[in-house]
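Enquirer: Mind looking over this structure? Questions follow.
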Ligand SMILES: Nc1ncnc2c1ncn2[C@@H]1O[C@H](COP(=O)(O)OP(=O)(O)OP(=O)(O)O)[C@@H](O)[C@H]1O
Ligand SMILES: [Mg+2]
């Protein structure tokens, strides 16, 4: 049994700096992230919360001029996520992200959730069906979509789209999930469902 006061370390930022070109957005962050816990970031607008989150799955690599210093260690393998030898695609399989605005792909509900699995090379229909159902159940949206899996994801409501994006993030069995204000555009009931889900996960 895990002792309450001594949780397992899942990740740790060590002297992390981040630059958008010349602008230094993160300054000397040292912060532990514990396994099977919810870690919340609170701070004023513009203080760097999103910048910090995006560092974990190397989203900043998509734009030229962005630069990291320091390390983000990921456990149990003690990988430095920021190391140039670490493949960002592999990192994004292990660390999923859900954004403020739901951003489903212009594809069917089914193919949205299948996407990461297909990138991994999984094309067996039975395996995909199973994993997709599991992820949609995990995101508490299965009952609402099970009879319309081939519908376009864009036909879903905002709250449903956000839960679909959570299912998409869950499908590859990530070890860490990053949520950047995922409920700020949702009503209180949809917000409650997502908060409950985060605690269950
Ligand atoms: N793509 C970008 N290029 C240049 N500067 C950026 C970029 N994105 C964010 N910044 C700047 O980096 C700093 C941190 O922004 P960030 O979005 O991380 O803040 P935040 O804490 O998430 O704020 P909010 O609560 O408003 O979402 C801000 O000064 C912001 O203007
Ligand atoms: Mg933000």
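The values are calculated or read from the model by the stated rules, or taken from the named source; none is laboratory data. Bear in mind the structure is a predicted one, so any value in this text is a computation, not a measurement. For neighbour counting, all protein chains shown are included, and Cβ atoms are generated from backbone atoms with ideal geometry for every residue, glycine included.
Enquirer: Taking the condition under 24 Å from residue 11 (Cα atoms) and assigned to a helix (DSSP H, G or I), does residue 167 pass? Reasoning before the result, please.
Expert: Details: under 24 Å from residue 11 (Cα atoms): yes; assigned to a helix (DSSP H, G or I): yes.
Here the answer is yes, as residue 167 does meet what is asked.
Enquirer: Can you say whether residue 128 is farther than 26 Å from residue 184 by Cα, in contact with a helix residue (DSSP H, G or I) (Cβ under 9 Å, 6 or more places away or on another chain), assigned by TED's automatic domain parsing to the domain that holds residue 171 and surrounded by 14 or more Cβ atoms within 10 Å (Cβ to Cβ), as far as the supplied structure shows?
Expert: Here the answer is yes, as residue 128 does meet what is asked.
Enquirer: Could you look through segment 17-53, keep only residues that are touching a residue at least 24 places away in the same chain (Cβ under 8 Å) and in contact with a helix residue (DSSP H, G or I) (Cβ under 7 Å, 6 or more places away or on another chain), and pick out the one that is nearest to residue 180 (Cα to Cα)?
Expert: Checking each candidate, the answer is 38.
Enquirer: Next up: If you take the residues of segment 56-80 that are crowded, with 18+ Cβ neighbours inside 10 Å and free of Cβ contacts under 8 Å to residues at least 40 places away in the same chain, which of them is farthest from ligand 2 (Cβ to nearest atom)?
Expert: 79
Enquirer: Within segment 150-173, take every residue that is in contact (Cβ under 8 Å) with a residue 40 or more places away in the chain and surrounded by fewer than 17 Cβ atoms within 10 Å (Cβ to Cβ) and give me the one that is farthest from ligand 2 (Cβ to nearest atom). It would help to see each step written out before you state the result.
Expert: As a first pass, look at segment 150-173 and keep what is in contact (Cβ under 8 Å) with a residue 40 or more places away in the chain: 150-154, 156, 158, 161-162, 164-172.
Cutting the leftovers down to surrounded by fewer than 17 Cβ atoms within 10 Å (Cβ to Cβ) gives us 150-152, 154, 158.
Working: 150: 34, 151: 31, 152: 28, 154: 24, 158: 18 Å.
The residue in question is 150.
Enquirer: Would you check if residue 85 is away from ligand 1 (no atom under 16 Å from the Cβ), free of Cβ contacts under 8 Å to residues at least 12 places away in the same chain and closer than 30 Å to residue 149 by Cα? Before the answer, list the steps.
Expert: Numbers: away from ligand 1 (no atom under 16 Å from the Cβ): yes; free of Cβ contacts under 8 Å to residues at least 12 places away in the same chain: yes; closer than 30 Å to residue 149 by Cα: no.
Against the criterion (away from ligand 1 (no atom under 16 Å from the Cβ), free of Cβ contacts under 8 Å to residues at least 12 places away in the same chain and closer than 30 Å to residue 149 by Cα), residue 85 does not qualify.
Enquirer: Still on this model: Provide a single number: the residues in segment 5-46 that are more than 12 Å from ligand 1 (Cβ to nearest atom) and in a strand (DSSP E or B). Lay out the reasoning, then the answer.
Expert: We begin by selecting, within segment 5-46, every residue more than 12 Å from ligand 1 (Cβ to nearest atom); these are 5-17, 28, 30-40.
Now restrict to residues that are in a strand (DSSP E or B): 9-17, 28, 30-34.
Qualifying residue count, segment 5-46: 15.
Enquirer: I've got another one for you. Restricting attention to segment 56-87, and to residues there that are in contact with a helix residue (DSSP H, G or I) (Cβ under 6 Å, 6 or more places away or on another chain) and assigned to a loop (DSSP other than H, G, I, E, B), which single residue is modelled with the highest pLDDT?
Expert: This residue is 81.
Enquirer: Moving on. List the number of the failed condition for residue 102; all other conditions in (1) within 29 Å of residue 195 (Cα to Cα); (2) out of contact with any helix residue (DSSP H, G or I) (no Cβ under 6 Å at 6 or more places or on another chain) hold.
Expert: Failing condition for residue 102: (2).
Enquirer: Quick check on segment 174-182. Is at least one of its residues crowded, with 19+ Cβ neighbours inside 10 Å, outside any loop (DSSP other than H, G, I, E, B) and touching a helix residue (DSSP H, G or I) at 6+ places or on another chain (Cβ under 9 Å)?
Expert: The answer is yes; a qualifying residue exists.
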